[in-house]
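Chemist: Here it is: the structure, laid out below.
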Amino acid sequence: MILPAQLVRRGKYSIADPLFVEERRPVLVARKLRRGAEAGDIVLVNVREKGRSLRGEVTKVLGSPDDPRNVYDALFASIETSRSFSPKVEEEAVAVARKPVGEREDLSGLPTVTIDGSDAKDFDDAISIERTGGGYRVWVHIADVTHYVRPGTRLDREAMRRGNSVYLPGTVAPMLPRALSEDACSLRPGEEKAAVTVEMEVSSSGETLSRRAYRSLIRSDARLTYGGVDAFLRGEGEVREPELVGTAYELSRRLKTRAAVRGKLELGGREPEYEVDERGVPVASGVRRSTPARELIEELMILANEAVAREIRGRPGAVYRVHERPDEEDMEKLATRLEAIGVGAEPTPENLGTISQQSKSDAVNYLILRSLPRAFYSPASLGHYGLALENYTHFTSPIRRYSDVLVHRALLGEEAPEDTTAAAGEVSEREWRSTVCERTADQYTLMWLMRDRVGETMEGTVVSTAAFGLFVELETGATGLVHVSKLPGWWTLDPSGVVLSNDSIGASYKVGDRVLVELLDVLPLMQRAELRVVKRR
């Protein structure tokens, strides 16, 4: 087994302390098996059991933990993925990338655009739209990955093993080699590309009246960015195909209204985003929230995903994106936690969105999210609670998600997995491991960017409490710990789990409280920041 680890000296021995994996036992590494690694270096270690201990041999020296790129490589290794592929997989990708697109419906003259982030390299979805007498005709074009990646090939086995692309700050471990992900499959502007198109007639209220899916040939007229489209929608800039963008935005607003009426759960949410230098090293971080341009694409992709979910019902190999309703026990726990922080509403699966909107609190949203089950893939169409849809799947990102490759095959009548249940379980597990990896990278990066700020005071919000202290999300986005030893007297955790109290002095901290804290220490590799409360806000 290959593990990422940090090499340390303990007396006369070299020890590799595993990083980012469940295995926490130290690995003894003989001097002659260090391969030139120095104490402090991040390494990959081939580990074997010997008696009750672990012995290992360094297989690769990644380098100093002071360079985030080495840490990202260790994180990729922790989930058995990487930025590169084996020579044989690369060779196969280059060979199939030259495959002719074959006979398909020609939509290359249809006005078409992609809208993505400014740093995107793989473009797997494009849109076309026009008004009709009673509504809209919408085309959602998705890269035809299954035309190139055939079942049972090395490419397919590697894509299935990886499960999805993994995005860390400034870098990515792609699911497919770049000959496909950034070239042959990517819907780049001005190039004829193989796609799978879902063509829909949509009413003025956003109801899908008809749908048809087929292989197509498209040519994107422009590669638009979220920032550029947002500026255009504010009246502060121009875009290629302005009528298309304006019509798509109009429909997206109607789809959003329709979603709210049917009960789609909207919790806002924010994600960190990074500025990286020419070497790919993060130099600054910010917060990305939803914008009209992002919502435009989100609503049209949901529209296509729902249409395809209905289309593949009963077909061999079909998998669905499932999000189950929270159960009664989940709601009882949430009610206790909300009451403890002063929110008196009685939560039900139907009113969580209303509670979120009325509270306007990231802390309340955090507690609601904690009460929801995790979404997963299943061969049974069990519905999507968060989107309030009876049928839903993932069809729109086959360059980045293997689940979507399975859906394309079911939609097009191609070979199904031998065991669809097992395949759905595997992609669900890979997705979860990738999510944990990406979250760990965020915490590491945000703390690494704070490494020179020890001693400074920052504002933050209590996002979690434990018997041993308070977790505070800082203005930077990183989460640090105020240990109870840094608080006066004896503190106990309320049965709700969201309030830490000291009855002798009549003080308490609860989830949602704003505090001013001092950064006492930061250990990025451990994703650990030690804080001290300066005062309440």
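The values are calculated or read from the model by the stated rules, or taken from the named source; none is laboratory data. Note that the coordinates shown come from a computational prediction; the quantities given were computed from them, not determined experimentally. Here Cβ is always computed from backbone atoms with ideal geometry, including for glycine, and neighbour counts include all displayed protein chains.
Chemist: Taking residue 531 as meeting all but one of (1) within 30 Å of the chain's Cα centre (by Cα); (2) under 22 Å from residue 343 (Cβ atoms); (3) touching a residue at least 24 places away in the same chain (Cβ under 8 Å), write down the number of the exception.
Modeler: With respect to (1) within 30 Å of the chain's Cα centre (by Cα); (2) under 22 Å from residue 343 (Cβ atoms); (3) touching a residue at least 24 places away in the same chain (Cβ under 8 Å), residue 531 is out only on (2).
Chemist: Quick check on the range 84-92. Is at least one of its residues under 30 Å from residue 527 (Cα atoms) and out of contact with any Leu (no Cβ under 7 Å at 6 or more places or on another chain)?
Modeler: Yes, that holds for at least one residue.
Chemist: Now for a separate question. Report, by residue number, each residue of the range 235-260 that is assigned to a loop (DSSP other than H, G, I, E, B) and either surrounded by fewer than 14 Cβ atoms within 10 Å (Cβ to Cβ) or of a type in the set (Ser, Thr, Tyr) (or both). Walk me through it before giving the result.
Modeler: Quick first cut of the range 235-260, residues assigned to a loop (DSSP other than H, G, I, E, B) only: 235-241.
Listed by number, the residues that qualify are 235, 236, 237, 238.
Chemist: Quick check: is even one residue across the range 505-517 surrounded by fewer than 19 Cβ atoms within 10 Å (Cβ to Cβ) and within 30 Å of residue 5 (Cβ to Cβ)?
Modeler: no
Chemist: Please count how many residues of the range 317-335 are crowded, with 22+ Cβ neighbours inside 10 Å and free of Cβ contacts under 8 Å to residues at least 40 places away in the same chain.
Modeler: Count: 1.
Chemist: Also, quick follow-up: Could you say which residue among 411, 387 is surrounded by fewer than 20 Cβ atoms within 10 Å (Cβ to Cβ) and either assigned by TED's automatic domain parsing to the domain that holds residue 116 or charged (D, E, K, R) (or both)?
Modeler: 387
Chemist: Still on this structure: Please specify each residue of the range 367-395 satisfying the condition of being touching a helix residue (DSSP H, G or I) at 6+ places or on another chain (Cβ under 8 Å), modelled with pLDDT of 95 or more and not in a loop (DSSP other than H, G, I, E, B).
Modeler: 376, 377, 378, 389
Chemist: Taking residue 186, is it assigned by TED's automatic domain parsing to the domain that holds residue 165 and surrounded by fewer than 19 Cβ atoms within 10 Å (Cβ to Cβ)?
Modeler: no
Chemist: Among the residues of the range 322-346, write down those that are under 20 Å from residue 387 (Cα atoms) and touching a strand residue (DSSP E or B) at 6+ places or on another chain (Cβ under 6 Å).
Modeler: Hits for the range 322-346 are 322, 323.
Chemist: For residues that are of a type in the set (Gly, Ala, Ser) and surrounded by 23 or more Cβ atoms within 10 Å (Cβ to Cβ), scanning just the range 195-225, find the one that is nearest to residue 109 (Cα to Cα).
Modeler: 220
Chemist: Which members of the range 53-112 meet the condition of being surrounded by fewer than 16 Cβ atoms within 10 Å (Cβ to Cβ) and part of a helix (DSSP H, G or I)?
Modeler: Across the range 53-112, the qualifying residues are 87, 88, 91, 94, 95.
Chemist: Which one of these does residue 170 not meet: (1) modelled with pLDDT of 95 or more; (2) on the phi > 0 side of the Ramachandran plot?
Modeler: The single condition residue 170 does not satisfy is (1).
Chemist: Considering 476, 465, 461, 492, which residue is β-branched (Val, Ile, Thr), touching a residue at least 24 places away in the same chain (Cβ under 8 Å) and surrounded by fewer than 16 Cβ atoms within 10 Å (Cβ to Cβ)?
Modeler: Details: 476 fails: surrounded by fewer than 16 Cβ atoms within 10 Å (Cβ to Cβ); 465 fails: surrounded by fewer than 16 Cβ atoms within 10 Å (Cβ to Cβ); 461 fails: surrounded by fewer than 16 Cβ atoms within 10 Å (Cβ to Cβ).
The conditions single out 492.
Chemist: A further question follows. Mind counting the residues in the range 261-281 that are surrounded by 13 or more Cβ atoms within 10 Å (Cβ to Cβ) and either modelled with pLDDT of 95 or more or more than 20 Å from residue 438 (Cα to Cα) (or both)?
Modeler: 5
Chemist: When you go through (1) part of a loop (DSSP other than H, G, I, E, B); (2) in contact (Cβ under 8 Å) with a residue 12 or more places away in the chain; (3) more than 19 Å from residue 311 (Cβ to Cβ) one by one for residue 418, which number turns out not to apply?
Modeler: For residue 418, the failing item is (2).
Chemist: For the range 481-497, name all the residues that are in contact with a Lys or Arg (Cβ under 8 Å, 6 or more places away or on another chain) and closer than 29 Å to residue 454 by Cβ.
Modeler: Result: 481, 482, 486.
Chemist: Further, regarding this structure: Of all residues in the range 141-158, which are of a type outside the set (S, T, N, Q), within 26 Å of residue 300 (Cα to Cα) and assigned to a helix (DSSP H, G or I)?
Modeler: At the first step, the residues of the range 141-158 found to be of a type outside the set (S, T, N, Q) are 141-145, 147-152, 154-158.
Keeping just the survivors that are within 26 Å of residue 300 (Cα to Cα) gives 141-145, 147-149.
Of everything in the range 141-158, those that are of a type outside the set (S, T, N, Q), within 26 Å of residue 300 (Cα to Cα) and assigned to a helix (DSSP H, G or I) turn out to be 145, 147, 148.
Chemist: Another question, if that's okay. Looking at (1) under 15 Å from residue 530 (Cα atoms); (2) modelled with pLDDT under 95, which is the one condition that is false for residue 495?
Modeler: Among (1) under 15 Å from residue 530 (Cα atoms); (2) modelled with pLDDT under 95, the lone unmet condition for residue 495 is (1).
Chemist: Considering the range 1-50 alone, what residues qualify as being within 30 Å of the chain's Cα centre (by Cα), assigned to a loop (DSSP other than H, G, I, E, B) and not basic (Lys, Arg)?
Modeler: If the condition is that a residue be within 30 Å of the chain's Cα centre (by Cα), assigned to a loop (DSSP other than H, G, I, E, B) and not basic (Lys, Arg), then 1, 19, 20, 21, 22, 23, 41 are the ones that fit.
Chemist: Let me ask another. Of everything in the range 114-140 that's among the small types (Gly, Ala, Ser) and in a loop (DSSP other than H, G, I, E, B), which residue is nearest to residue 253 (Cα to Cα)?
Modeler: Checking each candidate, the answer is 134.
Chemist: Also: In the range 113-137, how many residues are surrounded by fewer than 18 Cβ atoms within 10 Å (Cβ to Cβ) and within 24 Å of residue 179 (Cα to Cα)?
Modeler: Total meeting the criteria: 5.
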